[in-house]
Amino acid sequence: MSDKTLPDDADFEHMVQDRQEFADNMHEAFEVSQEIWEKFLEAEADEQHSTNPDPMNTMPAFTELLTALWSDPQKLAESTQAYWTAQGHIWQHAMLKMMGSDEAASGVEMPDLPAEGKRFKHDEWSENALFEYIKQSYLLASGWVQNTVHDADMDPKDRKKTEFYARNFVEAMSPANFAALNPEVLEATTAEKGKNLVRGLKMMLADMERGKGKLLIRQTDMDAFEVGRNMAMTKGKVIWQNNILQLIQYSPLTEEVYSKPLLMIPPWINKYYVLDLNEKKSMMKWLVEQGYTVFVISWVNPDEAQKDETWGSYMQGASDAIDRILAETGQKQTHIASYCIGGTMAATLTAALNRDGDKRIASTTFFTSLVDFEDAGELQVFVDDKTIAMVDEQMEKGYLPAQTMASAFNMLRSSDLIWSYVVSNYMLGKAPVPFDLLYWNADSTAMPAKVHHFYLDQFYTQNLLIKNALDIDGKPVRLADIKVPVYHVATKEDHIAPAASVYGGA
């Protein structure tokens, strides 16, 4: 045997050092994992859990799905046979490719597969026969599951719920989410000798501590932004406040201003400054540059002090803010613009005031706001009588914790807002890039229990406003009572307020 086949002393020493560094990193990763597990167990011990085995009330919908599938066994058998035939073609393609017969592999009739998306962008998912087989087999299975649910003869609302949870299931089971099956993670772990896992697990531990035992996934650099430093920079000041809101007035940027002021009513699900992220994205700055005298409500982030607040008291708070605006400007009317749930409340406020002959509102604009909740987007899968009861359990202190709604919103786009960060942050050890909108999204808020219960029950579940059956504080609130000009804005890709539903409400 030639001596050249043996490593020299320097190479051997370097190889030993590499192995020792890898072993040290894996040991440290194991220790951090232990800390993460301890944090989780501590949080579980401190938290009171519901005795409901099905808190999201999915069982009735999935029972209906199984009934629908077995009601047509021939269709199910044909679908299953087609699935396994397609799996056979994928396996044949993979075997030929592994044996180096690329030309023969290319001749195999392959099934139509769902779009791969960003999760399979690494070259090995296409160039390596094993990883390509894992990817294609998963795509076929995930497509079959989702198509089977979609084609089932079910109640439309139950189908929407089963489709939602089926999609979340197959997205969670993506091979890209598992370190041992993800070539990008394996490549990084080899190149960095496991240091990426150490960084990632330390990041996970920090996110567990930030979430007080629950994994609060960071989606942006949380240290890159600060309200008043590089966000919410349009000059203004708080001119009035009460128990549920602060009223901010922005400083004028023109010598002359329009006579009628403008009040912006944002949602209380998130912070107001989504409309003032930075100078290039700020609607508030643009409005004052056009000569408007602009006010915005900043809702208090509630705790037990707001436990008795109601939908009616939030309407009254906005009405009181209008009084302060008119006193400040010396005008008799103000325009109103509103956003999301703030728009739903603005609709009830405008209707109630017009009903009583109150003419303080000159016009009302709705940005992506629902008044008809017949098809209220994917959030509707979380709302029925049983899930509302479950939410009520979480609001025993009089408010819904901020993390609850944040988790629900993330589930609506779990591939982008959960799993991509699980891989990038915790497996690859990459710190997320600064993104102002995601910082705002993470700056979530709690919600008063009675306000939230009323919203879910009266709007999402019973859809009383569009049915002319909504009563607030003992008085009927009817959209037909609105006499002022209104304007609705919907956005095509909005999954919270679907454009068709916004249009129907208008």
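The values are calculated or read from the model by the stated rules, or taken from the named source; none is laboratory data. Small disclaimer: the values here were computed from a predicted structure and weren't measured. Cβ: placed from backbone, ideal geometry, glycine included. Neighbour counts: every protein chain shown. Ligands, DNA and RNA are stripped out before the accessible areas are found, and what is left, the full protein with its side chains, is counted by its heavy atoms. Shrake-Rupley method; radii C 1.70, N 1.55, O 1.52, S 1.80 Å.
General remarks:
- In this structure, the amide hydrogen of ASP494, modeled 1.01 Å from its nitrogen in the peptide plane, lies closer than 5 angstrom to those of ALA499, counting only residues at least 5 positions away or on a different chain.
- Each residue of segment 245-261 was assigned a 3J(HN,Hα) from its phi angle through the Karplus expression (A = 6.51, B = -1.76, C = 1.60, θ = phi - 60°), giving 7, 10, 9, 9, 10, 8, 6, x, 10, 10, 5, 10, 10, 5, 5, 7, x Hz with x at Gly and Pro.
- Helix 73-98 axis, angle to the chain major axis (alpha carbon atoms, nearest 10°): 50 degrees
- Of LYS285/LYS307; LYS135/LYS157; LYS332/LYS483; LYS359/LYS475, pairs whose Cα-Cα distance is over 24 Å: LYS285/LYS307; LYS135/LYS157
- Evaluated at q = 0.14, 0.23, 0.25, 0.31 Å⁻¹: base-10 log I(q)/I(0), Debye formula over Cα of segment 344-396: -0.59, -0.90, -0.95, -1.16
- Of the solvent-accessible surface of the chain, computed with a 1.4 Å probe over protein heavy atoms with every protein chain present, carbon and sulfur atoms account for 54 percent.
- Overall shape of the chain was characterised from the C-alpha gyration tensor. The equivalent ellipsoid obtained from it has semi-axes of 49, 30, 22 Å, in decreasing order.
- Inter-part distance, segment 130-159 to segment 364-417, computed on C-alpha centroids, equals 25 Å.
- For chymotrypsin sites (Phe, Trp or Tyr not before Pro), the sites in segment 148-184 that DSSP calls loop and that have at most 16 other Cβ atoms within 10 Å are PHE178.
- Residues whose amide H falls under 5 Å from that of ALA337, counting only those 5 or more places apart or on a different chain, are LEU263, MET264, ILE265, THR365, with hydrogens built in the peptide plane.
- Across all C-alpha atoms in segment 272-376, the radius of gyration and Dmax reach 14.7, 42 Å.
- Cα centroid separation - segment 200-262 against segment 434-506, whole Å: 22 Å
- Relative counts (whole %) of C-alpha pair distances in segment 30-185, using bins that are 10 Å wide: 9, 26, 28, 23, 12, 2, 0
- Where the chain is the region considered: accessible area per residue in Å², 1.4 Å probe: 52 Å²
- When the convex hull of its Cα atoms is viewed from all sides, segment 201-272 shows a mean projected area of 7.6 nm².
- Seen through its C-alpha gyration tensor, with square-root eigenvalues sorted a ≥ b ≥ c, segment 118-241 comes out oblate because a/c lies at 1.5 or above while a/b is not bigger than b/c.
- Using distinct alpha-carbon pairs, which all enter the 1/r mean, Kirkwood radius of segment 355-506 in Å: 17.9 Å
- Distance cut-off 19 Å, percentage of C-alpha pairs in segment 406-494 lying past it: 64 percent
- Relative pair counts by distance (%), Cα atoms of segment 95-163, 5 Å bins: 3, 14, 19, 19, 15, 10, 8, 6, 4, 1
- Rounded to 10°, Cα long-axis angle of helix 195-210 versus longest principal axis of the chain: 30 degrees
- When only the Cβ of Lys, Arg, Asp and Glu is charged (+1, +1, -1, -1), the dipole of the chain relative to its Cα centre reaches about 2180 debye.
- Across the cross-link table entries LYS193/LYS281; LYS118/LYS202; LYS161/LYS281, which are compared at the Cα atoms, the separations over 32 Å belong to LYS193/LYS281; LYS161/LYS281.
- Cα long-axis angle, helix 129-151 against the chain (0 to 90 degrees, to the nearest 10): 40 degrees
- Here's the picture: charge each Lys and Arg Cβ at +1 and each Asp and Glu Cβ at -1 in segment 347-487, and of ALA442, THR404, TYR426 the one pushed furthest to the positive end of that dipole is ALA442.
- Of LYS214/LYS397; LYS271/LYS450; LYS121/LYS492; LYS397/LYS450, pairs whose Cα-Cα distance is over 23 Å: LYS121/LYS492
- Close amide H partners of LEU370, meaning residues 5 or more places away or on another chain with modelled amide H under 5 Å apart, are THR344.
- Cα centre as origin, Lys/Arg/Asp/Glu Cβ charges: segment 328-480 dipole, Debye: 400 debye
- Couplings 3J(HN,Hα) of segment 413-420, computed from phi: 9, 5, 4, 8, 9, 10, 5, 4 Hz, in residue order, whole Hz [Karplus 6.51 cos²θ - 1.76 cosθ + 1.60, θ = phi - 60°; x for Gly and Pro].
- Karplus-based coupling profile of segment 215-222, in residue order and whole Hz: 6, 9, 5, 7, 10, 7, 6, 6, with θ = phi - 60° in 6.51 cos²θ - 1.76 cosθ + 1.60 and x standing for Gly or Pro.
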